[in-house]
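Below: the structure, in structure tokens.
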Amino acid sequence: MRALVFLALAAPAAAEPAIPQFADETATAGFSTPYEGEWEYMVGGGVATFDCSGDGFPEVFLSGGSGRSALYLNRSAQGGALAFEKTDALGIDAVLGAYPLDIDSDGAMDLVVLRQGENRLMRGLGNCRFENANAAWGFDGGDAWSTAFAAIWEKGQSWPTLAIGNYIDRKEEAFPWGSCTDNWLHRPEGNRFGAPIPLTPSYCALSMLFTDWNRSGHPSLRVSNDREYYKGGQEQMWHLEPDQPPRLYTEKDDGWKRLRIWGMGIASADVTLDGFPDYYLTSMADNKLQVLKDAASGKPDYADLAFKSGITAHRPYTGGDENPSTAWHPQFADVNNDGLLDLFVAKGNVAEMPDFAAQDPNNLMLAAGDGTFVEVGDKAGVASMAIARGAQVVDLNLDGRLDIVVQNRWTGAEVWRQTGAAGGWVQLRLQQPGANRDAIGAVVEIRRQDKVERHEITAGGGHLSGSVGWLHFGLGASPTAELRVIWPDGSEGAWLSLPAGSFQILRPEATPEPWVPK
């Protein structure tokens, strides 16, 4: 029961975490793409960040819904005001969200685009140019309402396995109150994808994540589902074993416990420092922090510590609206660089649901050091009342301070540049030769005094929003980061001491390569 004991035994909290400050640069950063559409776009509105220009600065892709999506090239100077230039490179219609992934491992970032209709694998051609690679890669994009994604490289494969979650079946006579469409598993056959494998039963997925929940070396697929539409459904997890069909975890055979929420997003992090990933699940008025009860049992049996930790975030904390909140994209990150993981949650009413808050500010909850969190969204300057959906917490101008970009329904994206953080930081890029260049499935371990914090490197989760790029770690007052990488094949890198305030490229069995923004 280590995960549960940790919160009680942690060191006493500081008086209050250092509150980061943000400048609202929405009007000047250059974003002009709203997430549009009515009923068929009530979910979605994803944000993707990745470097396609090769300069190390992350570009931003904004989903446009019934309008056209857009790619924004990063023109920011290091540490300066945020500046982006819109291009037509990914001006695609009917887009709900997107996830960057170097599918063919050629060093040019590709983009998985989820749509109303055929999903697209957009192959990166370099210099932020893309082409539709569905036919060339044998990918069946289907004709569904796709709302979730995750990817992993299975053992012995040179191409990734893609999981795509689908929402309501638009062909049902009872639409929009009809059945949920089957989710799909796209496994590779050489350097192409085979026919999609249905993940039956499916319950209107809104988030997916491949995660090694028990450190077995075989990641499983977590699926978070929207209970508004499913019939007899619940949250799910699937076994994914090499050369075997996917198999659902059940209560009878595996100890999986039934959980029913309006599942909208998954965020994963080793919050409790017990060495196993914890999961924050967003919902409507019922957000969860799931912590493994007993790793030795081998069962995926989780306790909910959201209330004890102070991160239920079930009602607005400012603005005067007392109705329940609606939470979408969650993301753990050390926003104030004090060496503790914080939590950002994008909030917004589905549209005009009268029983839920219309004034529903985004959450920024800072870790206090004793296992609890403190809400500071209003004090930090990010408590927007817009109807938020997808988001990314990411260092847009490479100054070591995390910024925030949120896509909103109908009104367009907002972006906040952080102007102050408490402590030091280090940022990493993992690169390995051959397949899976960005080392999806690796683990970064950071030694913090007598604790080791584990970070799974994943592709998926959130709410229709993905990111590949610099991995940011806050260091507090420490002048160095003590860390190592466990690579996707299980090989353990040496413990490294890296200087605070630096960018480092790490490769298997190689000396760290410092990198400097230009």
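How do ASP321, ASP140, ASP342 stack up against each other in accessible area, from largest to smallest, with a 1.4 angstrom probe?
Working: ASP321 30, ASP140 80, ASP342 0 Å².
Listed by decreasing accessible area, they come as ASP140, ASP321, ASP342.
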Subject >> Restraint check, LYS252/LYS288; LYS293/LYS347; LYS288/LYS379; LYS252/LYS451; LYS257/LYS451, Cα-Cα greater than 31 Å >> reply: LYS252/LYS451
Original post:
On the accessible surface of region 161-266, probed at 1.4 Å, how many percent belong to carbon and sulfur atoms?
Top reply: 47 percent
Original post:
Can you give me the Cα centroid spacing of region 180-220 and region 33-48 in angstrom?
Top reply: 24 Å
**OP:** Determine, for each peptide in 48-54, 353-359, the mean count of other beta carbons within 10 angstrom over its residues, then list the peptides with the highest first.
**Re:** 48-54, 353-359
Subject >> Per residue, in Å², the accessible surface of the chain once ligands and nucleic acids are set aside, probe 1.4 Å >> reply: 36 Å²
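Would you calculate, for the chain, the mean residue ellipticity at 222 nm contributed by helices, counting each DSSP H stretch of 4 or more residues as -39,500 (n - 2.57) and dividing by all residues, to the nearest 500?
For the chain, the value works out to -1000 deg cm²/dmol.
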**OP:** Return, for the Cα atoms of the chain, the radius of gyration and Dmax in Å, separated by a comma.
**Re:** 20.9, 62
Original post:
So what does the Cα-only Debye profile of region 212-270 read at q = 0.25 Å⁻¹, as log10 I(q)/I(0), no solvent term?
Top reply: -1.18
**OP:** Summarise the accessible area of region 393-504 (1.4 Å probe, protein heavy atoms) by the percent that is carbon and sulfur.
**Re:** 48 percent
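Find the all-direction average of the projected area of the Cα convex hull for region 91-242, expressing the result in square nanometres with one decimal place.
Working: hull surface 37.7 nm².
Mean projected area of the Cα convex hull: 9.4 nm².
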**OP:** List, in order, the whole-Hz ³J(HN,Hα) value for each residue of region 342-349 obtained from phi through the Karplus relation with A = 6.51, B = -1.76, C = 1.60 and θ = phi - 60°; use x for Gly and Pro.
**Re:** 9, 9, 10, 9, 7, 10, x, 4
Subject >> Calculated over region 396-518: convex hull of Cα atoms, volume per residue (Å³) >> reply: 141 Å³
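Using heavy-atom solvent-accessible surface (probe 1.4 Å) with all chains present, what is the largest-first order of GLU453, GLU509?
On the way: GLU453 10, GLU509 200 Å².
Final ranking, largest accessible area leading: GLU509, GLU453.
Between the DSSP loop rule and a limit of at most 16 other Cβ atoms within 10 Å, which GluC sites (Glu not before Pro) in region 25-124 are left?
Numbers: sites: GLU25, GLU36, GLU38, GLU40, GLU59, GLU85, GLU118; in loops: GLU25, GLU38, GLU118.
Answer in residue order: GLU38, GLU118.
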**OP:** Bin width 5 Å, alpha-carbon pairs only: give the P(r) of region 70-158 as whole percents, running from 0 to the bin holding the largest distance.
**Re:** 3, 13, 20, 23, 18, 12, 7, 3, 1
Original post:
Rg and Dmax of region 356-435, using alpha carbons, in Å: what are they?
Top reply: 15.6, 49
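The values are calculated or read from the model by the stated rules, or taken from the named source; none is laboratory data. All values derive from a computational prediction rather than experimental measurement. We place every Cβ from the backbone using ideal geometry, glycine too, and count neighbours over all the protein chains shown. Accessible surface areas use protein heavy atoms only, side chains included; no ligands, DNA or RNA. Shrake-Rupley method; radii C 1.70, N 1.55, O 1.52, S 1.80 Å.
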